[in-house]
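To keep things clear, I will list the structure first and then write my remarks on it.
Every read-out reported here was derived from the displayed coordinates using simple, explicitly stated rules and does not represent laboratory data. Since the model is a prediction, treat every value here as computed from it, not as a measurement. Note that we place each Cβ from the backbone using ideal geometry, even for glycine, and neighbour counts take in every protein chain shown.
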Amino acid sequence: MKAEPETRIVKGVDVKFSIDNLRQMPNSISEWDGVRNFEARNIMRDQMKIGDKILFYHSNCKAPGVAGVATIVREGYPDYTAFDPDHPYFDTKSNKEEPKWYMVDVQFECKFSQVLTLNSLKQADELKEMVLIKRGRLSVQPVRKSEYDFILSNAEIEG
DNA sequence: GCCAACGTTGGC
DNA sequence: GCCAACGTTGGC
């Protein structure tokens with residue numbers, strides 16, 4: 001799951017969100033709101049289950065890469081930020097009766113001492129088929145167990 | 001249901 | 001800040 005750790009202003013609101021921001025939330029839990037892509041939405045709505053681990057990826061920043069791990073603690077439910085005209089993620093085409101967008105809740109699991117950069121991930125033969133490498137440009141995407149295990153085995157966990 | 005125009009993502 | 005790649009929209 002990708003988030004942007006550096007300041008980005010959308011309708012006057014800074015939408016940056018890093019692994020540190022997640023850790024600092026109450027109980028280190030946050031809603032994963034603002035996803036406005038059908039394929040990414042379907043993954044959150046239909047596939048993610050409580051207890052699933054996710055790789056927290058920092059995108060659109062100086063050092064893009066995997067920053068740590070989080071866990072799904074609530075399965076897909078309507079992304080209500082789409083209903084609020086004052087919210088940066090408002091969408092006129094979504095409403096409570098027929099929600100167009102969905103989100104999950106995630107809880108901080110661990111942070112890597114150093115971000116595993118996209119550049120370094122690209123060097124690994126084990127990750128050649130990874131959606132992140134092959135395709136990019138999708139903010140919620142599937143990770144094979146072998147890819148997840150490889151990434152974790154190459155990460156140093158902070159603390 | 002095609003596809004051109006347009007908008008967004010996200011690395012660099 | 002540029003721009004390639006890709007997703008979405010809307011006219012026909």
May I ask you to evaluate 6.51 cos²θ - 1.76 cosθ + 1.60, the Karplus curve with θ = phi - 60°, for each residue of region A:20-32 and list the ³J(HN,Hα) values in order in whole Hz, giving x for glycine and proline? 5, 4, 4, 4, 7, 5, x, 6, 6, 10, 9, 6, 9
How many angstrom lie between the Cα centre of region A:36-61 and the Cα centre of region A:120-146? 14 Å
Everything considered on the Cα gyration tensor (a ≥ b ≥ c; rounded for a/c under 1.5, else prolate if a/b is larger than b/c, else oblate), region A:1-104 must be described as oblate
Going toward the positive end of the dipole of chain A, with +1 on Lys and Arg Cβ and -1 on Asp and Glu Cβ, which of A:ASN42, A:ALA124, A:VAL106 do you reach last? A:ALA124
Write out the GluC sites (Glu not before Pro) in region A:74-159 meeting two conditions: DSSP loop, and at most 16 other Cβ atoms within 10 Å of their Cβ. A:GLU97, A:GLU129, A:GLU156, A:GLU158
Starting from the Cα of A:LYS49, draw a straight line to each of the aspartates and glutamates and keep only those under 20 Å, dropping any in the same chain fewer than 8 residues away. A:GLU31, A:ASP33, A:GLU39, A:GLU75, A:ASP79, A:ASP105, A:GLU109, A:GLU147, A:ASP149
If you put +1 on each Lys and Arg Cβ and -1 on each Asp and Glu Cβ, how big is the dipole of chain A around its Cα centre, in Debye rounded to 20? 420 debye
Rounded, prolate or oblate, given the Cα gyration tensor of region A:1-40, with a/c below 1.5 counting as rounded? oblate
Can you tell me how much longer the chain between A:ASN21 and A:ASN119 gets when fully stretched, taken as 0.36 nm per residue apart minus their C-alpha distance, in nm with one decimal? 32.9 nm
Given chain A, what percent of its DSSP beta bridges are antiparallel, to the nearest 5? 90 percent
